[in-house]
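**Q** What follows is a single structure, and I will ask about it in a moment.
The values are calculated or read from the model by the stated rules, or taken from the named source; none is laboratory data. Keep in mind the model is a prediction, meaning the values are calculated, not measured. Note: ideal-geometry Cβ built from the backbone for every residue, glycine included; neighbour counts use all protein chains shown.
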Amino acid sequence: MLRGVTVERVVETLVSAAVPRALALREVTTIAESPIFAGAVPLARDARRLGQLARLRRELEAQSSHATEVERRADVTADEFFSRYVAGGIPVVLSDVVTRWPAFARWTPELFRAEYGDATIDIVDGRDADPDYDRNTPKHTRTVTMREYIERILAAGETNDFYAVAQNRNLDRDALQPLWADLTLPSEILDATRSKGCAALWIGPAGTVTPLHHDTSNILFAQIYGRKRFVLASPFETELMRDAVGVYASADPETPLEQMPAWLAAVRFLRLDLAPGELLYLPVGWWHHVRALDVSISVALNGFITPNRFEWYKPGQV
């Protein structure tokens, strides 16, 4: 009834299931006249209205130029970036930003081993044994030297068992501060004074997977070495909120299509391979699943010059 079904229809459904009509009518009428039901009606109406709003946005997005693939652009001005992509919540790949950084020419696993081998970093280890490895990152975090870690990566082949991730905050470590000289941040987009806590270094072998989740800020994700495969979905694909926990969706977009439940197969996913030298703008709230196709080094940045804190956006906690 909170979804708009009439008392009469509920009664008839109960009667068709062999409930005596008088009993069905009495019980349904009692519910309909209760103060609890009266209080719930406006809340349910609001939920239906918001559901329609999300559906409207989703159907309009399906008609847009970015409905089937993420744009790749060069020479995007800061004004266009903020007015079109940030304000519009539209992901885009910028092809001419990272290629100008010294990091693009310099950063390799071998360089990290040679120049920062004695530095200690945190990594996440033993991920394969935990189906919730990403949510349980603190439990699996341990400290190693950069040399030990790089040698393990180069010997491992394809694996998801270990990874240096954003939550490890390795770019905040004193020993790795010289890396900042290799990052030429666009000052018209990012606030150079807000580096600590606003940047994350990702280093890992081929095969690492970050499961489907959303962030609570806008992100610039710079691919410096190796390739990563992204699967993206708009926050208006509300089916992904089903059974979500915190910022994590329960769905796996890598599930073969023939094995996907109907509700997941109906979600509109965008897929792209991010090449070395490319910068992906990930709007706040966009779901993304990430797989490293090669040994990979990436940097994620969220110290925008505009307000960029949306910690309240966690529909998975509602």
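**Q** Name the residue, out of ALA164, ALA87, that is out of contact with any helix residue (DSSP H, G or I) (no Cβ under 9 Å at 6 or more places or on another chain) and within 30 Å of ILE189 (Cα to Cα).
**A** ALA87
**Q** A further question follows. Of everything in the stretch 139-155, what is closer than 15 Å to ALA166 by Cα and among the hydroxyl-bearing types (Ser, Thr, Tyr)? Give them in sequence order.
**A** Hits for the stretch 139-155 are THR141, THR143.
**Q** Residues of the stretch 10-19 being surrounded by 14 or more Cβ atoms within 10 Å (Cβ to Cβ) and not in a helix (DSSP H, G or I), which ones?
**A** VAL19
Table: residues versus (1) in contact (Cβ under 8 Å) with a residue 24 or more places away in the chain; (2) surrounded by 13 or more Cβ atoms within 10 Å (Cβ to Cβ); (3) at positive phi.
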| site | (1), (2), (3) |
| --- | --- |
| GLU33 | no, no, no |
| LEU50 | no, no, no |
| GLU61 | yes, yes, no |
| VAL70 | yes, yes, no |
| ASP75 | no, no, yes |
| ARG100 | yes, no, no |
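**Q** Separate question: Among ASP79, ASP130, which is the only one that is farther than 20 Å from ASP172 by Cα, within 21 Å of the chain's Cα centre (by Cα) and either of a type outside the set (Gly, Ala, Ser) or in the same structural domain as ASP273 (by TED's automatic domain parsing) (or both)?
**A** ASP130
**Q** Could you give every pair whose Cβ atoms fall below 6 Å, whose first residue belongs to the stretch 217-236 and is of a type in the set (Val, Ile, Thr), and whose second residue is in a strand (DSSP E or B), counting only separations of at least 6 or pairs across chains?
**A** ILE219/LEU282; ILE219/ALA300; ILE224/ILE297; VAL231/ARG271; VAL231/HIS289
**Q** Considering the stretch 87-105 alone, what residues qualify as being in contact with a Pro (Cβ under 7 Å, 6 or more places away or on another chain) and either among the acidic types (Asp, Glu) or closer than 20 Å to HIS214 by Cα (or both)?
**A** GLY89, ILE90, PRO91
**Q** State whether the residues of the stretch 279-289 include one that is at pLDDT below 95, closer than 27 Å to PRO131 by Cβ and either touching a Leu at 6+ places or on another chain (Cβ under 7 Å) or outside the structural domain of GLY197 (by TED's automatic domain parsing) (or both).
**A** no
**Q** Please specify each residue of the stretch 276-287 satisfying the condition of being of a type outside the set (A, V, I, L, M) and either surrounded by fewer than 22 Cβ atoms within 10 Å (Cβ to Cβ) or outside any strand (DSSP E or B) (or both).
**A** Matches in the stretch 276-287: PRO276, GLY277, GLU278, PRO283, GLY285, TRP286.
**Q** Still on this structure: Given the structure, is VAL290 surrounded by 18 or more Cβ atoms within 10 Å (Cβ to Cβ) and part of a loop (DSSP other than H, G, I, E, B)?
**A** Taking the combined requirement at face value, the residue does not satisfy it.
**Q** Also: Quick check on the stretch 197-219. Is at least one of its residues part of a helix (DSSP H, G or I), surrounded by 16 or more Cβ atoms within 10 Å (Cβ to Cβ) and out of contact with any Cys (no Cβ under 8 Å at 6 or more places or on another chain)?
**A** no
**Q** Could you count how many residues in the stretch 134-147 are surrounded by fewer than 15 Cβ atoms within 10 Å (Cβ to Cβ) and part of a helix (DSSP H, G or I)?
**A** Total satisfying the criteria: 2.
**Q** For residues that are part of a helix (DSSP H, G or I) and under 16 Å from GLY207 (Cβ atoms), scanning just the stretch 151-178, find the one that is nearest to the chain's Cα centre (by Cα).
**A** Checking each candidate, the answer is ILE153.
**Q** So which residues in the stretch 295-314 are over 30 Å from ALA275 (Cβ atoms) and either surrounded by 15 or more Cβ atoms within 10 Å (Cβ to Cβ) or touching a strand residue (DSSP E or B) at 6+ places or on another chain (Cβ under 7 Å) (or both)?
**A** The answer is LYS314, and nothing else.
**Q** Please give the number of the condition ALA155 fails out of (1) farther than 25 Å from GLY89 by Cα; (2) among the small types (Gly, Ala, Ser); (3) in contact (Cβ under 8 Å) with a residue 40 or more places away in the chain.
**A** Tallying (1) farther than 25 Å from GLY89 by Cα; (2) among the small types (Gly, Ala, Ser); (3) in contact (Cβ under 8 Å) with a residue 40 or more places away in the chain, ALA155 fails exactly one: (3).
**Q** Quickly run through the stretch 231-248 and pick out the residues that are more than 18 Å from GLU59 (Cα to Cα) and part of a strand (DSSP E or B).
**A** Residues satisfying the conditions are VAL231, VAL245, GLY246, TYR248.
**Q** When you check ARG3 against the structure, is it part of a helix (DSSP H, G or I) and either closer than 30 Å to TYR85 by Cβ or not aliphatic (A, V, I, L, M) (or both), yes or no?
**A** Taking the combined requirement at face value, the residue does not satisfy it.
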